[in-house]
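Below you'll find the structure, written out as structure tokens, and then a few comments.
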Amino acid sequence: MSRSVLVLLNRSAGTGHAESLSGHLADELREGYGELLEVSTQVLDDHPSVRSAAAAFVSSSRQPALVIAAGGGGTLRAVVEGVMDACPEAPPPPEPVLLAGLRMGSGNVVARRLGVPRDPLVAARQVGEGLRNGSVRMCSVMRCTHGTAGGGTAVRHAVTMCGLGQWGRVPGYLSRWRTRHNVARRRAAALVGLERVNLLEYIGFGATRLVAGMVSASQCEVVEIDGSRQLRLLAAVALNLPLPPLPHPGVKMSDNAAGLIVFPRMGRPFRRRLEAGADFAIRLLDRDSVEFFLDEDPEQATGWLRLGMAGCMAFVPGSSA
């Protein structure tokens with residue numbers, strides 16, 4: 001049975017994209033597939049709209065579905081969240097739902113790992129070819145549950161990374177900095193490429209936040225880990241794939257697992273392997289809420305946070321994967 005394909009173009013991703021690009025992407029998909037392929041497109045302006053569109057498409061599709069995130073890592077995460085809204089218990093297997101991501105934003109970690117080329121039209125053609133050939137790669141999905149300001153519980157998902165402590169503050173600072181320096185950032189991206197600019201931003205802001213946490217203890221939250229151990233948290237990162245220059249997590253993208261590294265402000269770092277039934281839980285002891293991030297998207301946890309694995313989701317890779 002042929003797939004029903006939805007291309008979700010986030011025109012605000014990266015440095016912005018023309019609405020007309022969606023039609024060209026659909027044409028290249030059909031060309032790569034080489035047969036009749038039902039492709040629909042939507043042009044959207046933000047991640048919540050992408051999430052809603054992905055959820056509605058997967059829920060209503062009568063055929064096996066392919067959802068393509070035409071944006072960056074945040075757009076891809078919004079698609080993953082939409083699929084998880086439609087399938088809340090666990091990621092669906094490859095037969096009913098496939099995903100693909102294009103490199104049209106700043107991070108594009110999963111798309112790069114899957115061999116997707118930078119040129120979105122070339123990438124769309126390769127996704128069509130991969131769909132025709134039955135090429136599939138699995139990517140693990142992290143599940144994060146945390147308290148909210150109203151006393152409720154939020155459920156979030158990620159396909160690359162969760163950042164906590166001072167590292168968890170970085171995307172929020174970056175978002176505010178980018179708003180103030182948008183023109184300069186566009187010029188830098190035109191010279192060296194947006195992905196490289198994004199990497200340099202994370203290195204610079206990450207180092208700044210870690211130094212701030214080492215200099216001032218009050219910058220670092222006091223937490224209780226797994227109901228027992230208490231420490232002042234400098235930083236923590238959970239990764240489901242290697243992402244230099246961060247420490248190697250000891251897992252592959254296709255494992256239903258993530259490597260967690262915790263850096264106390266005083267004392268030695270320690271590692272944990274997150275897998276099914278082996279979550280990581282923290283409770284805030286000295287403040288009501290903290291900022292953290294999932295796949296570069298800032299989030300806010302109130303009171304507590306728990307991180308674990310939801311399962312694996314199927315992706316159509318590029319031809320060099």
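The values are calculated or read from the model by the stated rules, or taken from the named source; none is laboratory data. Predicted model only: the values in this text are computed from it and were never measured. Cβ sites come from the backbone with ideal geometry, for glycine too, and all protein chains shown count toward neighbours. Surface areas here come from the heavy atoms of the whole protein model, side chains and all, with no ligands, DNA or RNA. Shrake-Rupley method; radii C 1.70, N 1.55, O 1.52, S 1.80 Å.
Run the simple label-point estimate for Asp27 and Thr179 please: 7 Å along Cα→C-beta, distance reported in nm. According to this spin-label approximation, the distance is 3.8 nm.
Magnitude of the charge dipole for segment 121-184, about its Cα centre and with charges confined to Cβ atoms of Lys, Arg (+1) and Asp, Glu (-1), is about 140 debye.
Given a Förster distance of 51 Å, report the FRET efficiency between Arg62 and Ala154 from their Cβ-Cβ distance, rounded to the nearest 0.05.
Details: r = 31 Å, r/R0 = 0.61.
That gives a FRET efficiency of 0.95.
Sort Cys162, Cys87 by heavy-atom solvent-accessible area, probe 1.4 angstrom, most to least.
Values: Cys162 0, Cys87 35 Å².
If we order Cys162, Cys87 from most to least accessible, we get Cys87, Cys162.
Cα-based Rg of the chain per 2.2 N^0.38 Å, rounded to two decimals? Provide the component values of the computation, followed by the final result.
Details: Rg = 19.5 Å, N = 321, 2.2 N^0.38 = 19.7 Å.
Normalised Cα radius of gyration, the chain: 0.99.
Across the chain, the relative contact order, built from alpha-carbon pairs under 8 Å that are at least six residues apart, equals 21 percent. In sequence order, segment 139-156 has phi-based couplings of 9, 6, 10, 8, 10, 10, 10, 7, x, 10, 4, x, x, x, 10, 9, 10, 10 Hz under the Karplus curve 6.51 cos²θ - 1.76 cosθ + 1.60, θ = phi - 60°, and Gly or Pro positions carry x.
In degrees, nearest 10, range 0 to 90: what is the angle between the Cα axis of helix 182-192 and the longest Cα principal axis of the chain? Roughly 70 degrees between the two axes.
Here's the picture: charge each Lys and Arg Cβ at +1 and each Asp and Glu Cβ at -1 in segment 181-321, and of Phe293, Met253, Phe263 the one pushed furthest to the positive end of that dipole is Phe263. About its Cα centre, the chain has a charge dipole of approximately 1000 debye under the convention of +1 per Lys or Arg Cβ and -1 per Asp or Glu Cβ, with nothing else charged. The stretch between Val215 and Ala278 holds 19.4 nm of extra length on full extension. This uses 0.36 nm per residue minus the Cα-Cα distance. Computed over segment 222-321, the percent of Cα pairs more than 16 Å apart is 63. Could you tell me what % of all Cα pairs in segment 216-276 have separations over 19 Å? When all Cα pairs of segment 216-276 are counted, 36 percent exceed 19 Å.
Ranking Leu25, Pro120, Ser52 by how far each Cα lies toward the positive end of the dipole of segment 1-129 (charges on Cβ) leaves Pro120 at the top. Compared with the dominant Cα axis of the chain, that is its longest principal axis, helix 120-133 is turned about 70°. Close amide H partners of Glu38, meaning residues 5 or more places away or on another chain with modelled amide H under 5 Å apart, are Val5.
Adding -39500 (n - 2.57) for every DSSP H run of four residues or longer, then dividing by how many residues the chain holds, sets the calculated 222 nm ellipticity at -11000 deg cm²/dmol.
Carbon and sulfur: what percent of the chain's accessible surface (1.4 Å probe)? If you can, show how the numbers build up before the last one.
Numbers: 7130 of 13730 Å².
With neighbouring chains kept in place, the figure for the chain is 52 percent.
For Phe57, Phe292, write out the residues from largest to smallest accessible area, computed with a 1.4 angstrom probe and no ligands counted. Display every interim value, and only then the final one.
Details: Phe57 30, Phe292 0 Å².
Result, largest first: Phe57, Phe292.
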